[in-house]
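The values are calculated or read from the model by the stated rules, or taken from the named source; none is laboratory data. All of these numbers come straight from a predicted model, not from anything done at the bench. Cβ sites come from the backbone with ideal geometry, for glycine too, and all protein chains shown count toward neighbours. Just so you know, the surface numbers come from the protein's heavy atoms only, side chains and all, with ligands and any DNA or RNA stripped out. Shrake-Rupley method; radii C 1.70, N 1.55, O 1.52, S 1.80 Å.
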Amino acid sequence: MAEKDDYLADVLVDLGLATAEQVTKARAEAHGAGVGVVDLLLANKVIKPADVTQAKAAQFGAEVIQLSGLKIPDDVIAIIPRHIAKKYRVLPVLKSDGKVAVAIADPSDLNTIDTLTHLLNAEIDLRVASEQDIESALNKYYGSTGQTVVDKAIQELTESEVAVPTVGVDEGGETLEADAPLIRLVNQIIVDAFKMRASDIHLEPLAKRFRLRYRIDGMLHEMKAPPKRLQPSIITRLKIQSNMSISEHRIPQDGRIQTKVGNKLIDLRVSCLPTNHGESIVMRILDKEGLRLGLAELGFFTDDQQTFERMIGLPDGILLVTGPTGSGKTTTLYSCLHFINRPDRKIITVEDPVEYILAGINQVQVNEVVGLSFAAALRSILRQAPNVVMIGEIRDLETASIAINASLTGHLVFSTLHTNDAPSAVTRLVDIGVKPFLVASSIRCLMAQRLVRKVCKKCSQPYQPSEMEMRALSLDAAAVAGATLVKGRGCADCSNTGCRGRMGIFEIFVIDDEARKLIYDKAPSSVLRARAREMGMRTLREDGIRKVLAGLTTPEEVIRATVGDVD
């Protein structure tokens, strides 16, 4: 730090902003007083703050920028989310030709510059502004919220005389009072995540820092993280709350935390994984009261919703929802159960884990340790005479065989499968060993789904897609002429992302007699797909395009979540 200060003083001399004699005298005084040379020159009014800004810019060949009289467009401000701009004290001022011009007070902060380059996936063009200018601009464009509770808790712990607060438990099992600041910090991390609508909290130990990220609308956002030295204490506190062993650091552990945020009761499913630099914690937030189980809220258009409701109203057969992890399959299954949950129907689920407690439904938690696998649970629950069975996931031949036998003996079975599209689910079942004639006889409907972010309603504005987006979605000028394409410009309500909330896009394949014959004849998925298209099945991308033209999401989201259609 002293070397950087000395070098900056030399630059001041080179620019003629201070004389060599003044700097030499200041160095001697600074050495005795234990302060920086540049700080002393400022205190003695040898130089002005603007001179320091100019010297910093010259040192790195950057341009000085005055932010006070500058009007930055909203779409440029939206390039860097509020929490990133506030954390790193930077401000986007211009975007052109793949470069982002960013105002920064300290151009020597290579860590911040590298982080921005990675986050924005663009070349950074540095502009230097004074710290006061940047602070004022941040408050102007992103809003001034003052110090958050998390900031205060971190500051309190940082300024504490205790080097590393440890989480202790007394003989009665209560957390020691001495750790109150740490407890407030951990609690506030959870509260902030819930208020920001995060689905996951990621606490990740890296080599030199302890990273905190929230997953909001499917995208990870980096937040202001606690100091690295608090890592062991925070992890220990969370392990105690979730009933994990605090003495075990070598194997993965799982647990749950139940807490209240305001008047809402939420569950957190906690996973702890040993890594090179410590234990990584991921908490999945399960809002019991906030779960919206209506089919309409999933994102179905009226025609698809009617088809789907007809399928889940059948007395028997299997309905499979397919897609990768994080595509909303479990939420869709819960919505199905909620829709058909009536006093005259007995519904039993087998899940790993049970994420949400549903009133009036018998839910079984898989426990491999004691031998309660999916297959073992299914064999037992069929003796409970259910009308409807929900299996969290078909993972192997044994589970698939029991599910198919259940569907053939008068039960309606819901489950999930990991495949890229709906017709591929048939191939997947055959691959794991299910006979094609059993698949043909039992499957009633296959539905693939993905999640896309919805345009923020408060900052949406008309949008003209680029030529690349038009080509990717196979759109022409006539297709978008009467449509309402919109895109969020970014506002406080959506944290300057332009998106708020998510919705599903769907591919529904209803199995008819012709499709059953193809399955029985072991037809490949491409032939099944062609048959589904003949019956009017819309692909994931086509359903996404419908929602783009309706102004619900953006072309960028649909392109990100789907692949192009071959036919």
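Mean separation of Cα pairs under 8 Å and 6+ residues apart, divided by the residue count of segment 288-385: what relative contact order is that in percent?
Here the relative contact order equals 21 percent.
Classify segment 444-520 as rounded, prolate or oblate, taking a ≥ b ≥ c as the square roots of the eigenvalues of its Cα gyration tensor: rounded when a/c is under 1.5, otherwise prolate if a/b is larger than b/c and oblate if not.
Taking the square roots of the gyration eigenvalues as a ≥ b ≥ c, segment 444-520 is oblate.
If each residue of separation counts as 0.36 nm, what is the full-extension length gain between Ser466 and Phe60 once their alpha-carbon separation is subtracted?
Between Ser466 and Phe60, full extension yields 142.6 nm more.
State the extension gain, in nm to one decimal, for the chain segment bounded by His118 and Arg209, taking 0.36 nm per residue of separation less the distance between their alpha-carbons.
So the extension gain works out to 31.1 nm.
Within segment 64-102, list the residues whose amide N lies under 18 Å from a label point set 7 Å along Cα→Cβ of Gln132.
64-70
Which order do Phe506, Phe301, Phe339 take by accessible area at a 1.4 Å probe, largest first?
Correct descending sequence by accessible area is Phe339, Phe301, Phe506.
If you take every DSSP beta bridge whose two residues both sit in the chain, what share of them, in percent to the nearest 5, is antiparallel?
Within the chain, antiparallel bridges account for around 65 percent of the total.
In the structure displayed, which of Lys86/Lys140; Lys95/Lys224; Lys45/Lys86 lie more than 23 Å apart, Cα to Cα?
Lys95/Lys224; Lys45/Lys86
Based solely on C-alpha atoms, express the radius of gyration and the Dmax of segment 17-110 in angstrom.
Expressed in Å, the Cα Rg and Dmax of segment 17-110 come to 16.9, 50.
Given a Förster distance of 35 angstrom, what is the FRET efficiency for Ile72 paired with Glu29, based on the Cβ-Cβ distance and rounded to 0.05?
That pair, Ile72 with Glu29, gives E of 0.30.
Considering only protein heavy atoms, what is the solvent-accessible area of Thr115 at a probe of 1.4 Å, reported in Å² to the nearest 10?
20 Å²
Is segment 242-323 best put as rounded, prolate or oblate by its Cα gyration tensor, with a ≥ b ≥ c the root eigenvalues, rounded for a/c under 1.5, and otherwise prolate when a/b is larger than b/c, oblate when not?
The shape class here is prolate.
What nm value, rounded to one decimal, do you get for the distance between Asp14 and Ile432 when each label is placed 7 Å out toward the C-beta?
Between Asp14 and Ile432, the label points sit 6.6 nm apart.
I'd like the distance separating the alpha-carbon centroids of segment 25-69 and segment 379-403, in whole Å.
72 Å
Give the shape of segment 349-410 as rounded, prolate or oblate, defined through the alpha-carbon gyration tensor: a ≥ b ≥ c are the square roots of its eigenvalues, a/c under 1.5 means rounded, and otherwise the shape is prolate if a/b is larger than b/c and oblate if not.
oblate
Spin-label point model (7 Å from Cα, Cβ direction): what's the Glu309 to Asp513 distance in nm?
Label at Glu309, label at Asp513, 2.8 nm between them.
Rounded to a whole number, what % of the accessible area of the chain do carbon and sulfur atoms account for, probe 1.4 Å?
51 percent
Per the Cauchy relation, a quarter of the hull surface: what is the mean projected area of the convex hull of the alpha carbons in the chain, in nm²?
32.1 nm²
Any chance you could check the Cα centroid distance between segment 292-348 and segment 196-242 for me, in angstrom?
Result: 34 Å between the Cα centres.
At 1.4 Å probe size, what's the solvent-accessible area of Arg560? Round to the nearest 10 Å².
About 120 Å², rounded to the nearest 10.
Any chance you could run the full-extension gain for Leu273 through Gln258? It's 0.36 nm times the residue separation minus the Cα-Cα distance, nm to one decimal.
Net length gain for the segment: 3.4 nm.
Determine the per residue accessible area of the chain with all protein chains present and a 1.4 angstrom probe, expressed in square angstrom.
For the chain, the solvent-accessible area averages 49 Å² per residue.
Using only alpha carbon pairs under 8 Å that are at least six residues apart, calculate the relative contact order of the chain and give it in whole percent.
Dividing the mean separation by the residue count of the chain yields 9 percent.
What 222 nm value per residue comes from the helices of the chain, counting each DSSP H run with n ≥ 4 as -39,500 (n - 2.57) and dividing by all residues, nearest 500 deg cm²/dmol?
-11000 deg cm²/dmol
Once the Cβ-Cβ distance between Ala478 and Leu265 is put in as r, and R0 is 51 Å, what FRET efficiency do you end up with, to the nearest 0.05?
It comes to 0.50.
Excluding same-chain pairs closer than 8 in sequence, count the lysine pairs in segment 445-567 whose Cα atoms lie under 23 Å apart.
7
Between Lys87 and Asp125, with labels modelled 7 Å along Cα→Cβ, what's the label distance in nm to one decimal, could you check?
Rounded to a tenth, the inter-label distance reads 2.6 nm.
Please report, in whole Å³, the volume per residue of the convex hull around the C-alpha atoms of segment 477-567.
It comes to 118 Å³ per residue, whole-number rounded.
What residue among Met390, Ala58, Ile266 has its Cα farthest toward the positive end of the dipole of the chain, where the charges are +1 on Lys, Arg and -1 on Asp, Glu, each on the Cβ?
Positive-most Cα among the choices belongs to Met390.
Between Arg379 and Ser96, how high is the FRET efficiency from 1/(1 + (r/R0)^6) when r is the Cβ-Cβ distance and R₀ = 41 Å? Nearest 0.05.
0.05
Within segment 226-330, how many Lys pairs that are eight or more residues apart, or on different chains, come under 25 Å at the alpha-carbon?
8
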